[in-house]
Structures are given as structure tokens and as C-alpha cells.
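As C-alpha cells, the structure follows; a few thoughts come after it.
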Amino acid sequence: MIAPDLRSGVNLLGDMIAQASVIVPFTGAGISTESGIPDFRSPGGLWTRNRPIPFDEFVARQDARDEAWRRRFAMEPTFAAARPGRGHRALASLYKAGKIPAIVTQNIDNLHQASGVAGDHVVELHGNTTYARCIGCGKRHELAWVKEWLARTGYAPHCTACDEPVKTATISFGQAMPQDAMRRATELAQQCDLFLAIGSSLVVWPAAGFPMLAKECGAKLVIINNEPTEQDEIADLVIRYDIGETLGPFVGN
Ligand code: NAD
């Protein structure tokens, strides 16, 4: 059902949370707009301004890598200033209360960790943009090192260990999904009794398959998103209101 108003939505969600033993949240860019990070598809979102750079272009062309890093550092003031919003804090409260074993996220902004969820309990399907990795050997590099390299050479960096290009530790279009994160997200979706899809347009696959999987495996599905998604029809509850307003009442002390 679609919640007829915000208050009924919050009440129904509260009942479902109280009845559930294992809750798995699945978050997208919409949970972080309150923190000042634009999403992809809303008006003014990142995609309306920049065409994503696919992985094969990043690998093949120095100018694509230079552009990718230029964009990343253009966003740095936004990412650096972002603090967890009410949505992140509500989920952290339920995590601390033992209701949430782990959070599955499409986000790359590190805000679930910043809200107090242990890094091991944040399953990042699309990686993390707050550090970098070599695409050859996987060595981790810090953004300060990348910034210094760019300032010194004017070009995107290569790995000091194996000379392959260094990229934010995110998953680009056309790049293989991280196997361990996919396996863990699959298990969480199969084992929970309440699955909360929060702030995702549910159009980026394979990530968008998890709400459906959870539902097929017997969980109740709640979708919290301010616009319709393609999976609203299979949800037990759709709350089409602001995430901060919806989850604010679940922030603990
Ligand atoms: P999306 O942009 O496709 O969808 C976000 C959805 O959230 C939209 O439907 C929008 O209407 C809704 N929304 C935005 N603010 C909201 C609010 N305050 N309350 C309720 N709903 C709100 O995002 P997606 O489904 O996560 O897919 C985009 C991909 O882009 C993801 O894979 C992610 O990796 C990446 N991304 C991440 C970030 C981040 O880390 N914060 C930001 C932009 C994009």
C-alpha cells in the first residue's frame, strides 16, 4: 500500500520495525541529499550536469582519467563537509539496538560509517569515493596523495607499486561489481524479515535486484522515496515522503 500521509507512513513503519527481528536497509543517493550531496537523477542532480565516464574510457584514456579526477576534486568541498542526516542517524540507532546486522548501500560517501556503523557492517555495492585504489594491483592510495600528484604533474596518477592508473575506490559503469559485497548483500536480503529500500530510484542494476530478492525470500518490503520507483507495486508499504522527515522519529538518543 501507499501511505496516504506522512504520519500514517511513520506509524505503519514503526509497527513493522517493532515486529521485525532482522532489518536490512538498502540505501541510495536520496538518503544523502539532506547532507548536501546531490543525487543522480533529481532535477539539478549530478547526471543532469555530467555524463558518467565509463570504466573502459577511464582505463583507455589519460584525458578521461584527468577529467574524472578533476570532477572528483570539484566535489571535494561537498563530500568533506557532509555529515550524516536523520536517515543515516536513524539507521545507526536501529543498528546499535541490534535490529540491523548490516547496511547495504549504493552510496559512495562514507556517511553510514560516519554515523557510527562499523565499516565491516556497511556493504558498499558501488565502492567508496573517500579514498582511491590502483585498478591493477588494488593498492589503496589516499586522496591527499592523488592531489599532490595532480598538482606536481598536471595529470591523473599512476600506482607507485605497479604503474597502472589509480581511480577513486568506486565502481564505474562497465566495471565488475565487487564479488564479496554482492555475496554479502545477497545473503542479507535472503535472511532478513524486513527490507527497507531508502532513497533509490531502483534503476541501477544489479543493485536494484536486492529489494525483489528480499521480497521473494519472504521479507516485508518498504520503499521510502519521494518519487515513484519501478518496484512500488511489489512493496508492502510505500512512503512517498522526505527521508529525513520519515526516519527522523527513529533517531535514538
Ligand atoms: P538516484 O539518484 O537514481 O535516486 C535517488 C532517489 O532518491 C530519487 O528517486 C530521488 O527522488 C530520491 N530522493 C532524493 N532526495 C530525497 C529525499 N530527501 N527524500 C526522499 N527521496 C529522495 O540514486 P541511486 O538509486 O542511489 O542510484 C544512483 C547511483 O549513483 C548509485 O549507484 C550511487 O552509487 C551513486 N551516487 C551516490 C551518491 C552518494 O554516495 N551520496 C550520490 C549520487 C550518486
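The values are calculated or read from the model by the stated rules, or taken from the named source; none is laboratory data. The model shown is predicted, which means the values in this text are computed figures rather than measured ones. When we count neighbours, we look across all protein chains shown, and the Cβ atoms used for this are built from the backbone with ideal geometry, even at glycine. When the accessible area is computed, the model is the full protein with side chains, heavy atoms only, and any ligands, DNA or RNA have been set aside. Shrake-Rupley method; radii C 1.70, N 1.55, O 1.52, S 1.80 Å.
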- Putting +1 on Lys and Arg Cβ atoms and -1 on Asp and Glu Cβ atoms, find which of Ala197, Trp145, Ala81 reaches farthest to the positive end of the dipole of the chain. Trp145
- Task: Quick one: pull the percentage of alpha-carbon pairs in segment 1-42 with a separation above 11 Å.
- Result: 73
- Can you give me the Cα centroid spacing of segment 123-163 and segment 172-217 in angstrom? 27
- Task: Sort by residue number and name the cysteines in the chain that have no neighbouring cysteine Cβ under 4.7 Å.
- Result: Cys192, Cys217
- Lys99: which aspartates and glutamates have alpha carbons under 12 Å from its alpha carbon, excluding same-chain residues fewer than 8 sequence positions away? Asp193
- When all C-alpha to C-alpha distances in segment 193-249 are sorted into bins of 10 Å, what percent of pairs does each bin hold, rounded to whole numbers? 26, 56, 18, 0
- How much length is gained on full extension from Cys162 to Trp145, taking 0.36 nm per residue of separation minus their Cα-Cα distance? 4.5 nm
- Query: What value, in deg cm²/dmol to 500, does the helix sum -39500 (n - 2.57) over DSSP H runs of n ≥ 4 give at 222 nm once divided by the residues of the chain?
  - Reply: -10500 deg cm²/dmol
- Item | Options Gln62, Ser8, Ile31, ranked by Cα towards positive dipole end of segment 6-250, top entry (Cβ charges) | Gln62
- Around Leu150: net Lys/Arg minus Asp/Glu count, Cβ-Cβ under 11 Å: +3
- Query: Cα convex hull of the chain: mean projected area in nm², to one decimal?
  - Reply: 13.2
- Subtract the Cα-Cα distance of Arg70 and Ala176 from 0.36 nm times their separation in residues, and report this length gain in nm to one decimal. 35.8 nm
- Message: For the pair Val22/Gln191, report the inter-label distance in nm, with labels modelled 7 Å from Cα in the Cβ direction.
- Response: 0.5
- Message: Given contacts defined as C-alpha pairs under 8 Å and at least six residues apart, what's the relative contact order of the chain, whole-number percent?
- Response: 27
- Summing +1 per Lys or Arg and -1 per Asp or Glu among the other residues with Cβ less than 14 Å from Thr105's Cβ gives -3
- Query: Hey, any idea what % of the chain's accessible area is carbon plus sulfur with a 1.4 Å probe?
  - Reply: 52
- Please quote Rg/Rh for segment 20-135 to two decimal places, taking the Kirkwood radius as Rh and restricting both calculations to Cα atoms. 1.01
- Task: Quick one: net charge around Ser35, please, counting Lys, Arg +1 and Asp, Glu -1 for every other residue with C-beta under 10 Å from its C-beta.
- Result: 0
- Over the chain, average the accessible area per residue using a 1.4 Å probe and give it in Å², no decimals. 47
- Cα-based radius of gyration of segment 104-171 once divided by 2.2 N^0.38 Å, which approximates compact folds: 1.21
- Message: Please compute the contact order of segment 88-203 in relative form: average sequence separation of alpha-carbon pairs under 8 Å and at least six residues apart, divided by the residue count, as a percent.
- Response: 22
